Amino acid sequence: MQKRHKDGSAGDANYGIIGMDYRRYRQPDPHIARFIHAALGDAASVLNVGAGAGSYEPPDRQVTAVEPSASMRAQRPAHLPAAIDAVAERLPFADGSFEASMATFTVHQWADLAAGLAEMRRVTRGPVVILSCDPNALERFWLHAYAPEAIAVEARRYPSMQAIIEGLGGSRADILPVPIPLDCVDGFGEAYYGRPERLLDPGARLANSAWSFVEPSVGERFVADLSHDLADGSWDASYGHLRAQPFFEGSLRLIVGRP
């Protein structure tokens with residue numbers, strides 16, 4: 001039987017701890033949402049797997065959400081449907097139940113990636129849309145210079161693009177780079193590429209699960225070093241151009257698998 005944390009979280013991260021204030025820092029970003037909704041096409045029924053607090057669920061479709069963490073289910077806004085307590089690897093739906101399905105910032109936490117993707121493909125008649133990060137592109141972010149341990153953790157956790165494509169059936173899958181906007185309101189790490197001060201906020205780091213897998217001393221060193229470099233201008237001397245760069249071509253990818 002798949003191991004789950006006390007609040008029901010089924011992946012490697014315990015959202016009963018790190019997800020308590022998640023919605024404050026992780027809101028759906030309109031620019032990223034446009035990529036996802038375009039990939040869903042004209043599907044009227046959509047399954048959202050690892051749905052969390054409901055980010056990126058299209059408001060104009062019939063959405064069914066699956067989320068194992070009770071903490072995250074409780075943070076879903078009132079206007080969204082209640083999420084079903086289930087895991088990706090065992091979806092409680094008949095074959096071909098949905099016209100499209102989606103999973104955002106979640107596949108890296110599944111216990112069995114291949115099984116979860118196979119289940120999404122089984123219950124979906126049309127496109128399967130996955131928002132994830134390419135582990136081979138994570139070092140583009142300046143955080144690598146300050147907390148390489150956090151980047152290394154993410155590189156180990158995120159599945160390769162090839163693994164996702166194979167899980168979706170191989171040949172009929174596209175990988176779309178998703179540029180990250182400077183004012184991104186979905187506070188995953190790279191969202192702060194031009195706003196380094198934001199990552200000094202403990203809550204902002206807590207909303208990125210990578211920090212829960214490194215020693216506390218790593219976060220303490222990061223805060224001390226970044227604070228020093230912001231104060232004396234060192235960060236801006238190296239990366240200040242990012243403060244006015246409208247988009248960052250980082251690791252964010254949209255993988256779209258078709259039947």
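Brief remarks on what is shown
- Expected 222 nm ellipticity per residue - DSSP helices of 4 or more, -39500 (n - 2.57), all of the chain, to 500: -8000 deg cm²/dmol
- Highest mobility in the GNM of the chain, judged by mean-square fluctuation with C-alpha springs under 10 Å and restricted to Ala224, Ala155, Ala86, is found for Ala224.
- Candidates Ser227, Pro246, Ser217 compared by Cα position along the dipole of the stretch 210-259: farthest toward the positive end lies Pro246, with charges placed on Cβ.
- By average C-beta atoms within 10 angstrom, highest first, the peptides 185-198, 231-244: 185-198, 231-244
- Taking a ≥ b ≥ c as the square roots of the eigenvalues of the Cα gyration tensor, the stretch 124-259 is classed as prolate, since a/c reaches at least 1.5 and a/b is larger than b/c.
- Here the dipole of the chain is about 680 debye; that uses its Cα centre as origin and unit charges on the Cβ of Lys and Arg (positive) and Asp and Glu (negative).
- Screening the chain for DSSP H helices whose Cα atoms reach 20 Å or more along their own axis and whose mean Kyte hydropathy is at least -0.5 gives 216-232.
Every number here is computed from the coordinates shown, using simple stated rules; none is lab data. From a predicted model like this one, the values you see are computed outputs, not experimental measurements. Virtual Cβ from ideal backbone geometry, glycine too; neighbours counted across all protein chains shown.
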